[in-house]
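Trainee: Before anything else, here's the structure in question.
Quick note: the coordinates plus some simple rules give every number you see, no bench work behind them. Since we're looking at a predicted model, the values are computed, not measured. No Cβ is skipped: glycine too gets one built from the backbone with ideal geometry, and neighbour counts run over all protein chains shown.
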Amino acid sequence: MIKLKGKSPRKKRLGLIFGAGYLVLLLLFAIFGPMIRNAQLSDVAKKVDPDIRVYNAVLDPVSSSPFAPAGGAAILGTDELRRDIVARLAEGARVSLTVGLSVQLIALIVGVTVGVLGVLAPKWIRNPLMRFTDGMFAFPDILLAILIVSVVGLGMGPVIFALSVTAWPSIARLVASQVATLKDREYVVAAKAAGASNFYLVTRHILPQITGILLAYSMIDLAGTILAESTLSFLGIGVQEPQPSWGGMINGARLNMNSYPVLLIWPCAVLSLTIFALNFVGDGLRALSDPRDRSA
Amino acid sequence: MQLARALSTRFLLGLLSLLFISFVTFLADEIQPGDAATVLAGEKASAETIERLRENLGLNRPWPIRYVEFVSKAVRGDFGTSYYGVKEPVGQLVGRNVTMTITIASSAILLASAIGIFLGTLAAVWQNKPPDQGILFISTFGVTLPNFVLAPILAYFFALQWDVLPLTWSVDRVAPDYYYLILPVVVLAMRPTALLTRLTRASMVETLRQEFIRTAIAKGVPPFRLYVKHALRNAILPVITAIGTSFGFLLTGSFVVETYFLLPGLGSTTIDAIRKGDVPVVQACVMLTGAIFIVLNLFVDLILPILDPRIRESQV
C-alpha cells in the first residue's frame, strides 16, 4: 500500500520490530481486553446489566451524566450510553482482527489455488481463469464490496464474504507471476524430468519459495481489509450495532464530538496506528524476503 | 491497426464487466425477500392481490426473461420507482443526486492535481533533501489515513472549534453552496493528492537522470525552464494516467465523504438505499457508478496515445 522508498534496511528492520510489537499488544488487547473489563465489574453490576459492554451506573451512581471522565473505573471514560470506551475498543479490535484474518486466509487459499492453476492447468482452464481474475480488477474494491453487501445483507459474515471476494484476485495475480517465473528454473525442470508430478512440484519446490513474499503481501493487504471493514461499519452497512467496531465508534462519536472529542480520538488513533503498523511489518518482511535488500 | 484492436478489446471487456455487474444487481432483487409487487401492494394487501399484481407486472415469468428485460430497461435509464417516500422514478432520483458527486469529485481532482504535481516536482528538485523528506513524510499520512478519520478531525477543528466552515450540508443553507463543499472536497482530495505527489516525484526523478537533461544543463538552460519545460513535460504522462484513474476512484468512492457531510450525492444515496432495502435505487446507483468507472478508464486508454506519440508509434 505505501512504499517507503529510500528507507535504509536498518530503518525497515526498526519499523518491523515496532510494528510487530504494536500488533502483538493489539492482539493481546483484543483477546483479554473485554475479559479485564468483565472482571472489574462487580457481580451486582453484572446482574443489573449482563451486557458487559454497557458500563454500569452502579459503579458511579451519583453522576447523572452518562459520560464518565477518564481515569475512573472506566480508564478512558464512557460514551453517551455509559459504555466503557476501553472495552469497546477491545471488542472493536476483535472484530477488525477477526474479519481481517479470516478474509486474508480465505483470499490466500483461493488466490494461491487460482494463481497456480492459472499457470499450470491445461489451457482451457487456465485462460478463462486468468481472464476472470483480470475482470475482477475492473471495479474499485470498495464499490464491489458495497454491491455484495447490498445483495447478501449486513453484519460480520457478509462483510467477511464481500471483502474476501475483493481480496483474492491480487493474490492470484501475484502467485501466477511468481509461479510463471519459478516453473522454468533449472531445479524445477530437473525435478520434472526426474518424474515429479505437478502437485509435488508446486507444494515442494514452488510454494515454499514464495511464502515470504506472500506473507509480506498479505500483511499489507490486511491493512487494506481492516480499513475496508471500518469503512463499511462507518457507513452503517458493515458490522451492526450493538456490536462495537472502530468504524462504528468513529461514526457514533459525531453526535457528541464537540463536547467529548475523546470519543473520536481513541478509535481514530487505534485504527491509524494499526494501519501504520501493518504497513511497516509488511515492508520489513518484504525486505527480509528479498535477498538483494538483505545483503545491502 | 493494433491500437484500434487493443482499444476495442478494452471496450468489449468493459461491456462484459458491466453485464456482470448488472447480473449481480439483478440478483439483489431475486435474493432479498419481497419484490416490487409486495411493496406496491402495501402491507395490508391480501395474497391474491399480490399475486394478481405480480402477474400484471410480469414478475412470475422465468428469471432469464426478466433479466433481459431488466437490462434493456436499465440501458434506457428505467429502473422502476423507489420503494419509499413519494415512490419517485429511480432514474429521476439518481439523476438529481449525481450532479453533487460530479461537482465534488471534479473539484477534488483539480485540487489534487495542482497540489500533487507542484509538490511532487518540488520534491524531485530537492531530491533527498529536507523539503523532499518532509513532503514524502506528509504524503505517507495522506495515503494511509482513511477519509472517515480525516473528515471528523477536520470537521472538529474547522466547523466546531474555530467555526469558520459549516459542519454539514443542510436544506436551509445560510452561506453560498460552495462554502459547504470546501471540507468535503479537501477530505476527498487528500488521498489522490498524496498519490499524485509520490508519482510525480518518482517520474521526475527518473526523467532528471536522462541524458537530454544533462545536455540541457550543459547548454545553460535556466533552472525553471529546465524543470518545467524539459523535465516535467516528459515526466507528466504517467501522472495524467493516474489523474484519470484517481478521478474514477473519486467519482465512485465518495460514499464516506457524502455520508459524513450529509451531501445529497450518488454515494450517500447508495448507502441510504442499502440500509433501507430500497432495491431499485441500489440497482440504479450501482449500475451507474460501475458505468462511470468503466467509461472513465476507457477514456484514459483513449487519451494516452493522443498525448504521447511514443505510445502511438509503438502500437502501430
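Trainee: Neighbour counts of other C-beta atoms within 10 Å: give me A:Asp84, B:Asp272 arranged from fewest to most.
Mentor: Working: A:Asp84 28, B:Asp272 21.
Fewest to most other Cβ atoms nearby, the residues stand as B:Asp272, A:Asp84.
Trainee: Cut-off is 10 Å between beta-carbons; in what order do B:Ser254, B:Ser106, A:Ser272 appear when sorted fewest neighbours first?
Mentor: Lowest count first: B:Ser106, A:Ser272, B:Ser254.
Trainee: With the dipole of the protein assembly as shown worked out from charges on the C-beta (+1 for Lys and Arg, -1 for Asp and Glu) around the Cα centre, which of B:Phe224, B:Ile109, B:Ile31 lies farthest toward the positive end?
Mentor: It is B:Phe224, whose Cα lies furthest towards the positive end.
Trainee: Order these by the 10 Å Cβ neighbour count, fewest first: B:Leu232, B:Leu150.
Mentor: With the sparsest Cβ surroundings first, the list reads B:Leu232, B:Leu150.
Trainee: Then there's this: What's the longest piece of chain B with no exposed trypsin sites (Lys or Arg not before Pro), counting a site as exposed if DSSP puts it in a loop and it has at most 15 other beta carbons within 10 Å? All intermediate terms of the calculation are to be shown ahead of the outcome.
Mentor: Details: sites that count: B:Lys44, B:Arg76, B:Lys87, B:Arg173, B:Arg209.
Here the longest run is B:210-316.
Trainee: OK, next. Over chain B, what number does the Rg to Rh ratio reach, with both radii from the alpha-carbon atoms and Rh per Kirkwood?
Mentor: Taking Rh as the inverse mean 1/r over Cα pairs, Rg/Rh reads 1.08.
Trainee: Additional query: Which peptide among A:137-143, A:21-27 comes first, and what is the full order, when sorted by highest mean count of other Cβ atoms within 10 Å?
Mentor: Top of the packing list down: A:137-143, A:21-27.
Trainee: Please work out the Cα convex hull volume for the range A:108-212 and give it in Å³ per residue.
Mentor: 111
Trainee: Continuing with the same structure: More than 18 angstrom separation, counting every C-alpha pair in the range B:100-234; what % is that?
Mentor: 62
Trainee: Counting Lys and Arg as +1 and Asp and Glu as -1, each charge on the Cβ, what is the dipole of chain B about the Cα centre in debye, to the nearest 20?
Mentor: Here the size comes out at about 1300 debye.
Trainee: Considering only the other residues whose Cβ falls under 15 Å of the Cβ of B:Thr101, what net charge follows from Lys and Arg at +1 and Asp and Glu at -1? All intermediate terms of the calculation are to be shown ahead of the outcome.
Mentor: Working: positive: B:Arg96; negative: B:Asp177, B:Glu258, B:Asp272.
Counting the neighbours of B:Thr101, the net charge comes to -2.
Trainee: Name the long-range amide H neighbours of A:Arg83: under 5 Å, sequence gap of 5 or more, or other chain; modelled H, no Pro or chain starts.
Mentor: Placed amide hydrogens put A:Tyr55 under 5 Å from A:Arg83.
Trainee: Let me know the number of lysine pairs in chain B closer than 25 Å at the Cα, not counting same-chain pairs under 8 apart.
Mentor: Working: B:Lys44/B:Lys87; B:Lys44/B:Lys276; B:Lys73/B:Lys87; B:Lys73/B:Lys276; B:Lys87/B:Lys276; B:Lys129/B:Lys229; B:Lys219/B:Lys229.
The result is 7.
Trainee: Which whole-Hz couplings ³J(HN,Hα) result when phi for each residue of the range B:211-216 is put into the Karplus expression 6.51 cos²θ - 1.76 cosθ + 1.60, θ = phi - 60°, listed in order with x for Gly and Pro?
Mentor: 5, 5, 5, 4, 4, 4
Trainee: To the nearest Å, what is the center-to-center distance of the range B:145-168 and the range B:93-143, using C-alpha atoms only?
Mentor: Taking the Cα centre of each part, the range B:145-168 and the range B:93-143 sit 18 Å apart.
Trainee: If you don't mind, there's one more thing I want to ask. Quick one: what are the phi-derived ³J(HN,Hα) couplings along the range B:279-293, Karplus 6.51/-1.76/1.60 with θ = phi - 60°, whole Hz, x for glycine and proline?
Mentor: Listing the rounded values in order: 4, x, 5, 4, 4, 5, 4, 5, 4, 5, 4, x, 4, 4, 4 Hz.
Trainee: Using helices alone, I'd like the mean residue ellipticity at 222 nm for chain B: each DSSP H run of four-plus residues gives -39500 (n - 2.57), total over residue count, nearest 500.
Mentor: -24500 deg cm²/dmol
Trainee: How shielded is A:237-243 by partner chains, expressed as the average number of their Cβ atoms within 10 Å of its Cβ atoms?
Mentor: Details: counts 7, 0, 0, 0, 0, 0, 0.
The shielding value for this peptide is 1.
Trainee: Averaged over peptide B:289-298, how many Cβ atoms belonging to another chain are found within 10 Å of each residue's Cβ?
Mentor: The shielding value for this peptide is 2.
Trainee: Shifting gears a bit: What average count of beta carbons from other chains do you get within 10 Å of the Cβ of residues in B:88-98?
Mentor: Details: counts 0, 0, 0, 0, 0, 0, 0, 0, 0, 0, 0.
That average works out to 0.
Trainee: If you don't mind, there's one more thing I want to ask. Using square roots of five times the C-alpha gyration tensor eigenvalues, list the equivalent-ellipsoid semi-axes of the protein assembly as shown in whole Å, biggest first.
Mentor: Each semi-axis is the square root of five times an eigenvalue, giving 39, 34, 30 Å.
Trainee: Which order do peptides A:155-165, A:9-19 fall in by mean Cβ count within 10 Å, highest first?
Mentor: Going from most to least packed, we get A:155-165, A:9-19.
Trainee: Nearest 20 debye, what's the magnitude of the dipole of the protein assembly as shown about its Cα centre given +1 on Lys and Arg Cβ and -1 on Asp and Glu Cβ?
Mentor: It comes to approximately 2440 debye.
Trainee: A further question on this structure: Which far-off residues, 5 or more places away or on another chain, put their amide H under 5 Å from the one on B:Thr81, with H placed in the peptide plane?
Mentor: Placed amide hydrogens put B:Val90 under 5 Å from B:Thr81.
Trainee: Compute the angle between helix B:266-276 and the longest alpha-carbon principal axis of chain B, please, reported from 0 to 90 degrees and rounded to the nearest 10.
Mentor: Between helix and principal axis, roughly 40 degrees.
Trainee: Using θ = phi - 60° and the Karplus curve 6.51 cos²θ - 1.76 cosθ + 1.60, what whole-Hz ³J(HN,Hα) does each residue of the range B:140-146 get, with Gly and Pro shown as x?
Mentor: 4, 5, x, 6, 8, 5, x
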